[in-house]
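Colleague: My questions will all concern the structure given below.
The values are calculated or read from the model by the stated rules, or taken from the named source; none is laboratory data. Predicted, not measured: the structure shown is a model, and the values here were computed from it. No Cβ is skipped: glycine too gets one built from the backbone with ideal geometry, and neighbour counts run over all protein chains shown.
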Amino acid sequence: MRPDAVPAYAATPTAVPRDAAPPICQPPEDDLSDRRRRAILALLLMVSFLAQLNFFIVNPCLPAMSADFEGAGLPAVSWVLNAYSILFAAMLVPVGRIADIRGRKGVLLIGIAIFTFASAVCALAPDLGVLIGARAVQAIGAAMIIPTSLGLLYPSFPERQHTLVVGIWAGVSSVATPCGPFLGGLIASVSWRWVFVLNLPIGVLALIAGALLLPKVCQPEGSRMPEALSLGSLLGAVAFLVLATVQAPIWGWSNGRTIGLYAAAAVATALTVQRSLHAAEPVIEKCLFESIYFTAATIAAFIYYGGSAVFIVGCTLFMQHVWHFSPMGAGLAMAPAAAIAVIFAVSAGPIASRLGRAWPAVLGTMSMTAGAIYWILMVDATPHYATAMLPGLVLMGISAGLTPPPIFAAANTLAADRATTGSAVINMCRQVGTAVGVAVLVALTAKSPASIGYPRAWIMQAITGAVSAIILLAGAALARRRSLPTPLSTAGRSH
């Protein structure tokens, strides 16, 4: 391994929009002390982790919510999760683009305030309708937090440290996924309302710290907002697609409402693409995809997180419904995956440096495939956690630790004034992929015996891991052909 080799998610030369101008940062990063930078990093990691955690933390709480709101069946209560996923996915890119133009700090702080307020309403919700509405508002706040938390890292640290801090951010964000069922199961044993109560002190602390610590980052005066038609078409495309996907297992895939929503999503998607190619100020600029690695990462994120949703949701449901674990028991059973994810997320950089071409992202996606194959071969209706479930959870923890850092760090291949937008695009693909994965899981398991349904879902998980690896490798090969260094294929030089 050459001494100048860097982790597989190192930065590459940027793709620069025609009108790109460096964002204005006040104070400049050179004026920030190391202590303040560390505090900024801790703050951004905390709010990003919290927003991601709240996507899956409610899963083990759904049965308790159904019991608490008398007459509310699980299909109705599932909208506590669906409302969050639809609004979160739909709002990511619009608010990311707005943050790049109008100011990342302001958008982040508003997002934290919205998220915290909505969490309080969720905790006090007197009925299911209020809870679902508050979750939708909470999702809007989360969508404002995720891309801006990454977008604020770049101007807060010198360029030579971007690879390090982006890797840490991506690793911590990825750990939130396997931690969700674990923490949700523990908290649900007391009361599901505490899932939301715990957000309140963290949100208040983050608001105060953010106002004091974060630099102001925005485009120069005169930068134009994305056009309304482009914004509206993207919102419609994502919302219609996710809504159709989460409802299709309930309505039926051939139901007129499902087909109508998919048709509307297709029309809105076509309009979004048309505006991206021809509009003066589209919400998603075509120049973003001039970065080969960014393009490969967005596609891989959609596919990988579809399989990851099968792992997170499927394993929790399997252990509760088939092995009859309690919510707390299922949460504790998922803990090894979260612990392994932390270890490998922190170690992803050193591992990549030692292994060279054994790219962390490819190892991570193939670990997911290996875990799914193990479950297909070993898991049955008889509970044998240590020998049947645990080895697969370890492999999935490795996957959750190694895969996200190089995927999310693809935003670092874009111009500095598009970092938040790029992060939002990848996260949008992640959330849409997650919704699709959950819908496919439900479709495969709802009307089939567990001995048939869950192995089918694990087959899907194995395929998504392998396909993601192929896409990432193909992106690396194309980048080499165009003589562009890529985080997956070549060792670059740290900047």
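Colleague: Within the range 247-301, count every residue that is surrounded by fewer than 18 Cβ atoms within 10 Å (Cβ to Cβ), closer than 21 Å to Gly232 by Cα and hydroxyl-bearing (Ser, Thr, Tyr).
Modeller: 2
Colleague: On the basis of being modelled with pLDDT under 95, within 20 Å of Gly433 (Cα to Cα) and of a type outside the set (Lys, Arg), does Phe69 make the cut? Give the derivation first.
Modeller: Details: modelled with pLDDT under 95: yes; within 20 Å of Gly433 (Cα to Cα): no; of a type outside the set (Lys, Arg): yes.
Criteria not met by Phe69.
Colleague: Additional query: Which numbered condition trips up Gly331, out of (1) surrounded by fewer than 18 Cβ atoms within 10 Å (Cβ to Cβ); (2) at pLDDT below 80?
Modeller: Checking Gly331 against (1) surrounded by fewer than 18 Cβ atoms within 10 Å (Cβ to Cβ); (2) at pLDDT below 80, the one that fails is (1).
Colleague: Kindly indicate whether any position in the range 150-165 is under 14 Å from the mean Cα position of the chain (by Cα), more than 22 Å from Val58 (Cα to Cα) and assigned by TED's automatic domain parsing to the domain that holds Leu41.
Modeller: So in the range 150-165, the residues under 14 Å from the mean Cα position of the chain (by Cα) come out as 150.
Next, only the ones that are more than 22 Å from Val58 (Cα to Cα) stay: 150.
When the remaining residues are screened for being assigned by TED's automatic domain parsing to the domain that holds Leu41, the result is 150.
Yes, the conditions are met somewhere in the range 150-165.
Colleague: Could you pull out the residue among Val80, Val121, Val130 that is touching a residue at least 40 places away in the same chain (Cβ under 8 Å) and out of contact with any Phe, Trp or Tyr (no Cβ under 6 Å at 6 or more places or on another chain)? Step through it out loud before you land on a result.
Modeller: Numbers: Val121 fails: touching a residue at least 40 places away in the same chain (Cβ under 8 Å); Val130 fails: touching a residue at least 40 places away in the same chain (Cβ under 8 Å).
Every option except Val80 fails the conditions.
Colleague: For Gly96, indicate whether it is surrounded by 19 or more Cβ atoms within 10 Å (Cβ to Cβ), closer than 17 Å to Leu53 by Cα and under 17 Å from the mean Cα position of the chain (by Cα).
Modeller: Judged against the criteria, Gly96 is not a match.
Colleague: Does any residue of the range 304-315 turn out to be modelled with pLDDT of 85 or more and surrounded by fewer than 23 Cβ atoms within 10 Å (Cβ to Cβ)?
Modeller: no
Colleague: When you check Ala443 against the structure, is it hydrophobic (A, V, I, L, M, F, W, C), assigned to a helix (DSSP H, G or I) and surrounded by fewer than 21 Cβ atoms within 10 Å (Cβ to Cβ), yes or no? Give the derivation first.
Modeller: Numbers: hydrophobic (A, V, I, L, M, F, W, C): yes; assigned to a helix (DSSP H, G or I): yes; surrounded by fewer than 21 Cβ atoms within 10 Å (Cβ to Cβ): yes.
In short, yes.
Colleague: May I ask you to verify whether Ala381 is assigned to a helix (DSSP H, G or I) and more than 30 Å from Ile140 (Cα to Cα)?
Modeller: On the way: assigned to a helix (DSSP H, G or I): no; more than 30 Å from Ile140 (Cα to Cα): yes.
So Ala381 fails the test.
Colleague: Consider the range 119-142. How many of its residues are surrounded by fewer than 24 Cβ atoms within 10 Å (Cβ to Cβ), of a type in the set (A, V, I, L, M, F, W, C) and within 20 Å of Ser78 (Cβ to Cβ)?
Modeller: To start, the set of residues in the range 119-142 that are surrounded by fewer than 24 Cβ atoms within 10 Å (Cβ to Cβ) comprises 120-121, 123-130, 132-134, 136-137, 140.
Within this subset, residues satisfying the condition of being of a type in the set (A, V, I, L, M, F, W, C) are 120-121, 123-125, 128, 130, 132, 134, 136-137, 140.
Filter once more, keeping what is within 20 Å of Ser78 (Cβ to Cβ): 121, 123, 125, 128, 130, 132, 134, 136-137, 140.
Residues flagged as surrounded by fewer than 24 Cβ atoms within 10 Å (Cβ to Cβ), of a type in the set (A, V, I, L, M, F, W, C) and within 20 Å of Ser78 (Cβ to Cβ) within the range 119-142 amount to 10.
Colleague: How do the helices (runs of 4 or more DSSP H) wholly within the range 78-197 filter down when requiring 3 or more residues that are over 28 Å from Leu414 (Cβ atoms): which remain? So that I can check it myself, show each step before the final result.
Modeller: Values: elements: 79-102, 104-124, 128-151, 153-156, 162-188, 194-197.
Those helices (runs of 4 or more DSSP H) span 79-102, 104-124, 128-151, 162-188, 194-197.
Colleague: In the range 157-184, which residue that is surrounded by 24 or more Cβ atoms within 10 Å (Cβ to Cβ) and of a type in the set (Ser, Thr, Tyr) is nearest to Gly111 (Cα to Cα)?
Modeller: Out of the qualifying residues, it is Ser173.
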